[in-house]
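The structure appears right after this line, and notes come after that.
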Amino acid sequence: MEFTEKERNMLEELKSHEKLCIEKYKRHSECAADEQLKSLFNGLSEEEKEHLDSLEQISNGTVPPLSSEDKPLPVFTAKYKAVLSPEKTADMYLCSDVLSGEKHVSCLYDTAVFEFRDKNVRDFLNHIQKDEQTHGKIIYDYMAANGMY
Ligand SMILES: [Fe+2]
Ligand SMILES: [Fe+2]
């Protein structure tokens, strides 16, 4: 598959954002106080790695097959009470940070969908965008369960 210069630049930009997401979730997982949040961030880091791998494949001319499976959303139990403790404040900061990152990345995918000529690439980028929105939903659910939102 041949890409225009604009398309290639877009793929490079998306890849650099996915790398940042992978790294950020890893580091945030190490910083989080709540074990649930640690494993949540770890899992999301893995999913961002899958996004990066898919973008690499697309860059090399192959669009990966679309998986239709919708994983069930995790359910969180409240670790934090209504009062603000230093741990809660710190974990809340981590969540707000990654939530704003997901919003930003989702916008980038939205723009990218409009830039590509190939329908399969568009569909795949749209599929990743939906994943990013799901990441946002999961983080929101964690925050809501812990009185952070
Ligand atoms: Fe991603
Ligand atoms: Fe994400």
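Here are some notes:
- For segment 127-149, the tally of residues that are crowded, with 16+ Cβ neighbours inside 10 Å, within 13 Å of the chain's Cα centre (by Cα) and away from ligand 1 (no atom under 12 Å from the Cβ) stands at 2.
- Counting residues in segment 15-29 that are more than 24 Å from Met148 (Cα to Cα) and modelled with pLDDT under 95 gives zero.
- Total residues in segment 73-105, condition out of contact with any Gly (no Cβ under 7 Å at 6 or more places or on another chain) and assigned to a helix (DSSP H, G or I): 17
Okay, residues lined up against (1) touching a helix residue (DSSP H, G or I) at 6+ places or on another chain (Cβ under 6 Å); (2) under 18 Å from Ser16 (Cα atoms):
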residue	(1), (2)
Tyr109	yes, yes
Phe114	no, no
Gln133	yes, no
Ala145	no, no
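- Every residue from segment 126-149 that is in contact (Cβ under 8 Å) with a residue 40 or more places away in the chain and of a type in the set (A, V, I, L, M, F, W, C): Ile128, Ile138, Ile139, Met143, Ala145, Met148
- In segment 19-41, of all residues being touching a Phe, Trp or Tyr at 6+ places or on another chain (Cβ under 7 Å) and not aliphatic (A, V, I, L, M), the one that is nearest to Val105 (Cα to Cα) corresponds to Tyr25.
- For segment 91-115, taking the residues that are surrounded by fewer than 14 Cβ atoms within 10 Å (Cβ to Cβ) and more than 16 Å from ligand 1 (Cβ to nearest atom), the one that is farthest from the chain's Cα centre (by Cα) is identified as Phe114.
- The one condition in (1) more than 18 Å from Ile138 (Cβ to Cβ); (2) among the basic types (Lys, Arg); (3) surrounded by 12 or more Cβ atoms within 10 Å (Cβ to Cβ) that Lys38 fails to fulfil: (1)
- Residues in segment 51-74 that are modelled with pLDDT of 95 or more, within 21 Å of His135 (Cβ to Cβ) and more than 17 Å from the chain's Cα centre (by Cα): Gln57, Ile58, Pro64.
- The single condition from (1) surrounded by 13 or more Cβ atoms within 10 Å (Cβ to Cβ); (2) small (Gly, Ala, Ser); (3) more than 29 Å from Leu11 (Cα to Cα) that Ser54 fails is (3).
The values are calculated or read from the model by the stated rules, or taken from the named source; none is laboratory data. Quantities reported herein were computed from a predicted structural model and do not represent experimental measurements. Virtual Cβ from ideal backbone geometry, glycine too; neighbours counted across all protein chains shown.
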